Amino acid sequence: MTETTHRGCPVAHTDFTGTAPLYEHYKMLDNDREQARFLFNDTTDRGFFMLQRYDDVRDGFQQHDTWTTAVRSALRPNTASDPLLPQDLNGQEHVKLRRILNQFFAPAAVRRMEPMAQQRCIELIEELKPAGSCDFVAEFAIRYPTDMFLALLGLPVSDGEQFLEWSDEYFSALLAGDPAGATTAKASIMNYFDEAVNERRANPRDPKEDMVTRLVQARIDDVPLTQDEILTICLTLMLAGLDTTRSALGFIYTHLAQHDADRQAIIDDPTLIPKAVEEFLRLYPLVFQAGREVQEPQEFNGVELEKGDVVWLGIAQANRDPRKFDNPDEFDVNRPNVNQHIAFGGGPHRCLGMHLARLELKIVLEEWHKRIPEYRITPGTELRERGVQLSMAALPLEWEV
């Protein structure tokens with residue numbers, strides 16, 4: 001007999017890992033949130049308790065003393081063999097490593113990158129503009145954050161084309177469940193990082209300006225980071241920054257291509273763009289959940305949790321919760337409480353790159369609409385999204401030249 005409740009929680013069978021028509025995952029997430037305050041989902045080997053409403057998800061992110069990132073994703077709970085740093089660390093270990101990385105992601109550091117970020121964005125747009133069409137995802141939305149990632153590390157942006165090939169192979173293999181392909185692509189990426197780190201050991205630069213040099217010279221409790229730790233940090237930053245920005249741009253430009261009034265509003269008044277970015281992050285969060293593993297028995301808002309339980313923190317469900325946001329499925333550039341969205345998570349593991357992500361999205365919206373204000377999705381296109389972490393495989397756009 002199929003279980004209908006688990007420790008008092010209704011049992012859900014919703015599978016969030018598949019490919020579906022665009023926005024279908026948000027519909028499934030909203031339906032589960034409104035079915036019950038808490039659910040137990042049985043679609044993985046371990047199952048997971050779903051926190052879905054804004055107040056519960058916000059509070060869940062603060063349980064970092066007893067809920068750890070031993071599980072980073074409720075949908076992929078068994079990823080210990082594929083380490084990430086600093087995500088895999090908790091407590092003081094996490095704090096100490098974040099302290100080393102923070103200076104490169106702080107608002108002041110991100111502002112220093114703005115001229116270069118703006119210049120590279122303009123170059124890519126001007127390259128695409130004469131053609132009158134492009135696959136926005138493949139030809140712009142992934143190329144731009146790849147170049148920014150290399151610049152952030154202090155590596156040559158001219159390596160972007162080769163690095164993009166490797167990273168695309170890696171992402172594709174991971175999502176296709178192809179471990180052999182992922183291993184091959186990862187080896188190329190790690191070899192590239194290894195050479196870069198060794199070069200910095202031989203020829204260090206200013207550690208205040210060059211992240212790889214900073215990692216090479218960093219000490220935690222007077223102990224230097226190992227070569228493997230540095231390489232893992234570089235890989236983690238790549239995984240965290242490239243696919244997410246590509247996905248965010250895909251969903252944003254799908255919206256703007258289909259909502260003329262919203263597009264015209266930011267064309268007529270570009271000062272609205274920072275607020276538009278926040279509303280897009282609220283409305284279309286790509287990382288729609290975070291996972292945690294419970295380390296000791298406890299009660300959370302009426303739910304009895306045991307050691308080893310997996311908890312789902314429903315980021316997208318919280319961001320679209322009508323109890324928190326009026327008309328949550330609508331884009332409202334003047335939404336008064338939009339800055340309370342949790343698209344970047346919460347607590348000590350809140351997204352390290354959130355300021356850089358905001359800058360990249362802001363610059364793209366500004367510079368693209370100065371040059372290509374009118375565009376449309378190529379007629380006949382069927383838009384689809386991939387689950388686990390939402391992304392679009394393609395977004396064909398066209399415009400008048």
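The values are calculated or read from the model by the stated rules, or taken from the named source; none is laboratory data. Just so it is clear, the model here is predicted, and its values are computed rather than measured. Note: ideal-geometry Cβ built from the backbone for every residue, glycine included; neighbour counts use all protein chains shown.
Evaluation of residue 83 against the conditions (1) buried (at least 16 other Cβ atoms within 10 Å of the Cβ); (2) farther than 30 Å from residue 382 by Cβ; (3) in contact with a helix residue (DSSP H, G or I) (Cβ under 8 Å, 6 or more places away or on another chain) shows that the sole unmet condition is (1).
Of all residue pairs spaced 6 or more apart or on separate chains, those with beta-carbon atoms under 7 Å, a first member in the stretch 358-373 that is more than 14 Å from residue 246 (Cα to Cα) and a second member that is modelled with pLDDT of 95 or more and of a type in the set (Phe, Trp, Tyr) are 372/399.
Of all residues in the stretch 358-393, those being in a helix (DSSP H, G or I) and not hydrophobic (A, V, I, L, M, F, W, C) number 8. Of all residues in the stretch 283-337, those being touching a helix residue (DSSP H, G or I) at 6+ places or on another chain (Cβ under 9 Å) and either assigned to a loop (DSSP other than H, G, I, E, B) or modelled with pLDDT under 95 (or both) number 22. Taken together, 314, 291 contain a single residue that is touching a Leu at 6+ places or on another chain (Cβ under 7 Å) and touching a residue at least 12 places away in the same chain (Cβ under 8 Å), which is 314. Quick check on residue 228: is it out of contact with any strand residue (DSSP E or B) (no Cβ under 8 Å at 6 or more places or on another chain), closer than 21 Å to residue 112 by Cα and free of Cβ contacts under 8 Å to residues at least 24 places away in the same chain? Here the answer is no, as residue 228 does not meet what is asked. One residue is enough: does the stretch 166-188 have a residue meeting the conditions closer than 30 Å to residue 108 by Cβ and among the aromatic types (Phe, Trp, Tyr)? No, that holds for no residue. Against the conditions (1) touching a residue at least 24 places away in the same chain (Cβ under 8 Å); (2) surrounded by 14 or more Cβ atoms within 10 Å (Cβ to Cβ), residue 13 satisfies every one except (2). Is it the case, given these coordinates, that residue 128 is outside any loop (DSSP other than H, G, I, E, B), touching a helix residue (DSSP H, G or I) at 6+ places or on another chain (Cβ under 9 Å) and buried (at least 19 other Cβ atoms within 10 Å of the Cβ)? So residue 128 fits the description; yes.
When 74, 20 are checked against the criterion of being among the small types (Gly, Ala, Ser), touching a residue at least 60 places away in the same chain (Cβ under 8 Å), part of a loop (DSSP other than H, G, I, E, B) and surrounded by 14 or more Cβ atoms within 10 Å (Cβ to Cβ), 74 stands alone in meeting it. Residues that are crowded, with 18+ Cβ neighbours inside 10 Å and not aliphatic (A, V, I, L, M) within the stretch 155-181 comprise 160, 163, 166, 167, 169, 170, 171, listed in sequence order.
The lone criterion from (1) touching a Pro at 6+ places or on another chain (Cβ under 6 Å); (2) not in a helix (DSSP H, G or I) left unmet by residue 214 is number (2). In the set (1) more than 26 Å from the chain's Cα centre (by Cα); (2) assigned to a helix (DSSP H, G or I), residue 253 fails one condition alone, (1). Of the set (1) without any contact (Cβ under 8 Å) to a residue 40 or more places away in the chain; (2) touching a strand residue (DSSP E or B) at 6+ places or on another chain (Cβ under 8 Å), all apply to residue 218 but (1).
Answer yes or no: is there a residue in the stretch 256-271 that is crowded, with 20+ Cβ neighbours inside 10 Å, over 21 Å from residue 383 (Cβ atoms) and touching a residue at least 12 places away in the same chain (Cβ under 8 Å). Yes, that holds for at least one residue.
Which of the residues belonging to the stretch 77-106 are in a helix (DSSP H, G or I) and under 18 Å from the mean Cα position of the chain (by Cα)?
Once the filter is applied, which keeps residues that are in a helix (DSSP H, G or I) and under 18 Å from the mean Cα position of the chain (by Cα), the stretch 77-106 yields 98, 101, 102.
For the stretch 38-69, which positions are touching a residue at least 40 places away in the same chain (Cβ under 8 Å), assigned to a loop (DSSP other than H, G, I, E, B) and either on the phi < 0 side of the Ramachandran plot or surrounded by fewer than 17 Cβ atoms within 10 Å (Cβ to Cβ) (or both)? Scanning the stretch 38-69 gives 44, 46, 52, 53, 61, 62, 63, 64, 66, 69.
Filter the stretch 37-61 down to residues that are among the polar types (S, T, N, Q) and farther than 12 Å from residue 11 by Cα and give me whichever is farthest from the chain's Cα centre (by Cα).
The extreme case among them is 44.
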